[in-house]
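Each value in this text was obtained by applying a stated rule to the coordinates, not by laboratory testing. Everything numeric in this text was worked out from a predicted model, so none of it was measured. Note that we place each Cβ from the backbone using ideal geometry, even for glycine, and neighbour counts take in every protein chain shown.
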Amino acid sequence: MKRVYLPIIVNQKLNSMKKSYIVAMVLALGASAVLSSCGGAKPIAVTQAANEREVSVPCDDQRTDKEFFRGQGVAQSRDLNTAREKARMAANTALAGGISTLIKQVAERYVNDAGQKPSDYSETFESLSKQVVSQQISNVSVACNKTFQTQDGMYKVYMAVEANKNEVFQALERGAEANKKLETIFNREKFRKNFDDEMAAFAQSYK
């Protein structure tokens, strides 16, 4: 009887596995080279899910830009006038918030540039901001107004209002010049530059 030792059999299997592994690596490298020569792997196309669809919101394109502050609002009611009033109120609130935010940013930057502590003037500018916002809200223009009626008879109103940035600045300027605490540090040219810079950055955040 011919004897075959176990170590020999094991070595033969290991050699066979090594050869198979080497062949597989060569094939993989070859495939990679072919893909590279063809410009590389193509990106996977992302398709829209079958159960999704793009929604267009009325008046959504009316956003704050370099020239106008804008605010949007939407409301619904069984009474058309009530829906309009609520939408207008929501839009005014959004507009007021935008103006107040900008004035705060302008004030802090201006006071810092003047070498003063913002905390020493925060209450003054806050009071001035409320005054300016109150004046502008009572004189805003409607930039967009869309009305729809739902299947259950409800009226839904989308609205956007706007305020010209120059009118806002002029009101802010008049208030600053009339304030005794601000008159010592107020410089119209520097204040206007800060205002325009912050307005541009503020508008960019809405894109």
Size of region 68-204 as Cα extents on the principal axes (Å, biggest first): 60, 26, 22
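Write out the chymotrypsin sites (Phe, Trp or Tyr not before Pro) in region 95-127 meeting two conditions: DSSP loop, and at most 12 other Cβ atoms within 10 Å of their Cβ.
Values: sites: 110, 121, 125; in loops: none.
When the chymotrypsin sites (Phe, Trp or Tyr not before Pro) of region 95-127 are filtered for loop state and at most 12 Cβ neighbours within 10 Å, nothing remains.
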Could you check the spin-label model distance between residue 122 and residue 193? Points 7 Å from the Cα along Cα→Cβ, value in nm. 2.7 nm
Place a point 7 Å from Cα of residue 113 in the direction of its Cβ. Which residues in region 177-207 have their backbone N less than 12 Å from it? 186-199
Percent of Cα-Cα pairs per 5 Å bin, from 0 to the last occupied bin, for region 94-161, please list those. 3, 14, 19, 14, 12, 10, 9, 7, 5, 4, 2, 1, 0
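Filter the GluC sites (Glu not before Pro) in region 99-185 to those in DSSP coil with at most 15 other Cβ atoms within 10 Å of their Cβ, and list the result. Write out the running numbers ahead of the final one.
Values: sites: 108, 123, 126, 162, 167, 173, 177, 183; in loops: 183.
In loop regions of region 99-185 (DSSP not H, G, I, E or B), the sparsely surrounded GluC sites (Glu not before Pro) are 183.
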Log10 I(q)/I(0) at q = 0.13, 0.14, 0.31 Å⁻¹ for region 151-204, from Debye over equal alpha-carbon scatterers, is -0.48, -0.52, -1.23
Taking 152-161, 191-200 and ranking on average Cβ neighbours within 10 Å, highest first, one gets 152-161, 191-200
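For each pair in 130/190; 104/193; 86/156; 66/165, compute the distance between the two Cα atoms and list the pairs where it is over 19 Å.
On the way: 130/190 22 Å; 104/193 15 Å; 86/156 10 Å; 66/165 8 Å.
Violating the 19 Å Cα-Cα cut-off are 130/190.
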